[in-house]
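This report refers to the structure that appears directly beneath it.
The values are calculated or read from the model by the stated rules, or taken from the named source; none is laboratory data. Quick caveat: nothing in here was measured; it's all calculated off a predicted structure. Please note: Cβ atoms are built from the backbone with ideal geometry, for glycine as well, and neighbour counts cover all protein chains shown.
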Amino acid sequence: MSIAIPSVARVANGAAPRRRPYGRRALAGYGFITPAIVFLIGFALLPFLFTVYVSLHDWNMLTAVTSMPFRGLDNYRYLIFEDPLFRQTFANTFVFAAGNVAISSLLALGVALLLNGEVRFPTFWRAVYFLPYVTSSVAISIVWANLYHPSYGLFNGILELFQLPGARFLASLETAMPSVIAVAVWHAVGYYMIIFLAGLQSIPLEVYEAAKVDGANAWHRFRSITLPLLRPTLLFVAVVNTLGSLQVFDLAFVLTNGGPVNATNTVVLYMYQTAFNFTRMGRASAMAVMLFLVILVITLVQLRLLREKE
Amino acid sequence: MNIVSRLVASLAIAAMVVGACTAAPEGSKGPVKLVVLTHWGDQALLAVLQPIFDEYQKQNPNVKIEHQSVAFDDLLKRITTGRIGGSAPDIYHFYNLWMPDFVSSDLLQTPPGDVIADIKKGYSQSSVDGSSYRNQVWGYPTEVNTYQLIYNKKLLQEAGSTKPPATWDELRSVATKATKKGADGKITQAGFLLLKGWDSGVVHPWSSLLWSNNGDYVAKDNSKVRFNEKPGVETTQFEVDLIKSGAADLGFTMDDFAAGKVAMTIMANWWGAALKKALPDNVGVAPIPTNGGAQSSTLQYNWLWGVDKGTKQGQEAWKFLTWLNGPQAGSSSPMGKYLTTALNAIPARVSDQQANASLLGDAFVKPFVDSLKTSRSEPIIPGAQEIKTVLQKQIEAAWFGQKSPKDALDTAATEANRILGEKR
């Protein structure tokens, strides 16, 4: 049986410190993370730095990168002070994010609580709720656009059955954004339901049993056990859902193309239009940088608020 | 064989393969590859287009044509990203509204003198204008589209109208009579269709009405827009009135017209093939209704073939385009044949229009061909695409009652003049 000699003892005995095993382990570690680091640098950091660089220039993507004229902060100044549509798209994006995050998170939690109880065929129900999430958002947008169609859409057909006046859904200034949010919620609920379900199942049953022994009813158990122990999951859902909602593009693009009259135009959709329809890549890059900063601040605030009681 | 020898041998083979795959430089008699980019990817279109390319390759065995196609919405993106990525095609088929950006970015090759002479001689002036920017022709005009009043014959008859409306007053009256509402007050049949959410769908019919009301889109020297003057405000007010009276419902779409639920709309000739299938023998076409005694006019837009300035195959590219757009033994050019038979479009070349007179004499197409005599090219101005989108949004703001027609057009004009100033 060999006895491990502490390195301090070995130094004291006049032996040189043996760094090789540690260096080899470190090398192996670096080797393992190298692909991820290279990926991050190549596909995240460099494009981001290039975006910041382009945002300070005027570029239509048809001329060489080396010949684009420098504009300083002009693109930022224009967007902040002179472009009312940019401010409107930011407001639209926040309305969408607030509606989608609140409704889809609450619904997902509700469904997760139901499926965490004693239901028949739980696997079947989980699959049913998860199915929309694995369906292409473009495909579901096309289907929902038909469901919403004022003349032959299913929803107006149902309203007609009950002799209720039809709605214009995506074609009305008032109902377009709620209609887009409804599709987003339907699409996302299944995914967050699975996350909540995993969080619920990680809560030890013994805690509930102890609470029951102490006479806590279902509401007390939910408020005093489930919610506090679900805090990390809530944090994850809030952050990820907000990040995704602030970057919404596909639903607005396919369902309404930002209309009617920009009522559903979002920052990313406007960014896309500015870059590829108007070939103003400098201005679009400035939008991307500003959206990044806003998302960064919101995420930090969320992390702070939800972690402070940990 | 040691490792070094294997490496040298591998590099030699790789160099040979790369050499074989690389197109020969200009002037060489080696194989030439021409990459042609279009937005014609539909199988029915390719069934006519590909044999034309095959025929040219048969006649020119040293030329290989690689046809790349993307959806219309992706065409400009493909051109810009191809430019950035160094994979620009040799030949583009593009919308003439993009010409100012392409020219100012040095994207296009100037056509050779014989090509310019051929274009100026063989095409109508409006098509030459539509393919020119800064007094320079940039490529072969291909398809021409104009806008006309398209109506459902049966619904107009039911509304008591024996002929299509020729003036705005008549249009307003017929549209109101042709509108039907259900018991719940919901419009089940619209008298007139105004398309929304699509810049060309909004602005092209609006411009046609503007010009048929003695209005102007832009000043002759392109220094500023003029669409916010009195004729433009009247045009927008006319459309707003149609909406307020219920004769035009913004919830209706082109599908509703094809389903026989709309009496009239203003649309381009490319819609003809689909309409003939959806409403056989029930679709009529008439000139754009006028106002204030103006002459009926309409918007015309063109597509054209251009050659990338960076191509090494410029000479071969223009030779191919000359063949593609040139009359064949006194008959239609291959392009003219393709445009009339596959695309149901109007060819820009005058001899193609004559050679395909039987197809262009069709009751649906003929009014569009006739309208070329009085049509006006969509203004080819710097930032044209962006200005069109700005105008679309403001016209829609007036439609939805967010702004008065005057305020909406003034807002659009301010923004448009700023864009013109920036991009000039």
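Between a first residue in the range B:89-115 that is within 14 Å of another protein chain (Cβ to nearest Cβ) and a second residue that is among the aromatic types (Phe, Trp, Tyr) and assigned to a loop (DSSP other than H, G, I, E, B), which pairs have beta carbons less than 7 Å apart while being 6 or more apart in sequence or on different chains?
If the second residue must be among the aromatic types (Phe, Trp, Tyr) and assigned to a loop (DSSP other than H, G, I, E, B), the pairs left are B:Met99/B:Trp138; B:Val103/B:Trp138; B:Leu108/B:Trp138.
Restricting to the range A:170-189, name every residue that is buried (at least 23 other Cβ atoms within 10 Å of the Cβ) and more than 14 Å from chain B (Cβ to nearest Cβ).
Once the filter is applied, which keeps residues that are buried (at least 23 other Cβ atoms within 10 Å of the Cβ) and more than 14 Å from chain B (Cβ to nearest Cβ), the range A:170-189 yields A:Ile181, A:Val183, A:Ala184, A:Ala188, A:Val189.
Take the conditions over 30 Å from A:Gly282 (Cα atoms), at pLDDT below 95, of a type in the set (Gly, Ala, Ser) and out of contact with any His (no Cβ under 8 Å at 6 or more places or on another chain) and apply them to B:Ala345. Does it pass?
So B:Ala345 fits the description; yes.
Suppose we filter B:Asn302, B:Asn282 for residues that are touching a residue at least 12 places away in the same chain (Cβ under 8 Å) and surrounded by fewer than 20 Cβ atoms within 10 Å (Cβ to Cβ); which single one remains?
None of the other options fit; the residue is B:Asn282.
Go through B:Gln354, B:Gln328 for me and flag whichever is part of a helix (DSSP H, G or I), assigned by TED's automatic domain parsing to the domain that holds B:Trp98 and under 15 Å from B:Gly122 (Cβ atoms).
Just one listed residue meets the conditions, B:Gln354.
Would you call A:Ser136 out of contact with any Gly (no Cβ under 6 Å at 6 or more places or on another chain), farther than 30 Å from B:Gly182 by Cβ and of a type in the set (Ser, Thr, Tyr)?
Taking the combined requirement at face value, the residue satisfies it.
How do the pairs read when you match residues in the range A:232-261 that are more than 14 Å from chain B (Cβ to nearest Cβ) and under 17 Å from A:Met287 (Cβ atoms) with residues anywhere that are of a type outside the set (A, V, I, L, M, F, W, C) and not in a helix (DSSP H, G or I), using Cβ under 8 Å and keeping only pairs 6 or more apart or on different chains?
A:Val248/A:Thr266; A:Phe249/A:Thr266
Do the conditions hold for B:Leu343, that is, is it aliphatic (A, V, I, L, M) and within 16 Å of the chain's Cα centre (by Cα)?
Considered against the rule, which asks whether it is aliphatic (A, V, I, L, M) and within 16 Å of the chain's Cα centre (by Cα), B:Leu343 comes out as yes.
Where in the range A:34-128 are the helices (runs of 4 or more DSSP H), entirely inside, with at least 3 residues that are away from every other protein chain (no Cβ under 14 Å), modelled with pLDDT of 95 or more and closer than 28 Å to A:Trp186 by Cα?
The helices (runs of 4 or more DSSP H) meeting that bar are A:84-116.
Looking at the range B:29-144, what helices (runs of 4 or more DSSP H) fall wholly within it and have at least 3 residues that are among the aliphatic types (A, V, I, L, M), out of contact with any helix residue (DSSP H, G or I) (no Cβ under 6 Å at 6 or more places or on another chain) and surrounded by 15 or more Cβ atoms within 10 Å (Cβ to Cβ)?
Result: B:72-85.
Of all residues in the range A:142-169 being facing chain B (nearest Cβ under 9 Å) and crowded, with 18+ Cβ neighbours inside 10 Å, which is modelled with the highest pLDDT?
Checked the range A:142-169; the qualifying residue modelled with the highest pLDDT is A:Phe169.
Just name the residue that is farthest from A:Leu200 (Cα to Cα) out of those in the range A:231-251 that are small (Gly, Ala, Ser) and surrounded by 17 or more Cβ atoms within 10 Å (Cβ to Cβ).
Within the range A:231-251, the match that is farthest from A:Leu200 (Cα to Cα) is A:Ser245.
From the set of residues in the range B:377-398 that are under 13 Å from the mean Cα position of the chain (by Cα) and away from chain A (no Cβ under 13 Å), which is farthest from B:Thr414 (Cα to Cα)?
If we take residues in the range B:377-398 being under 13 Å from the mean Cα position of the chain (by Cα) and away from chain A (no Cβ under 13 Å), then B:Ser377 is farthest from B:Thr414 (Cα to Cα).
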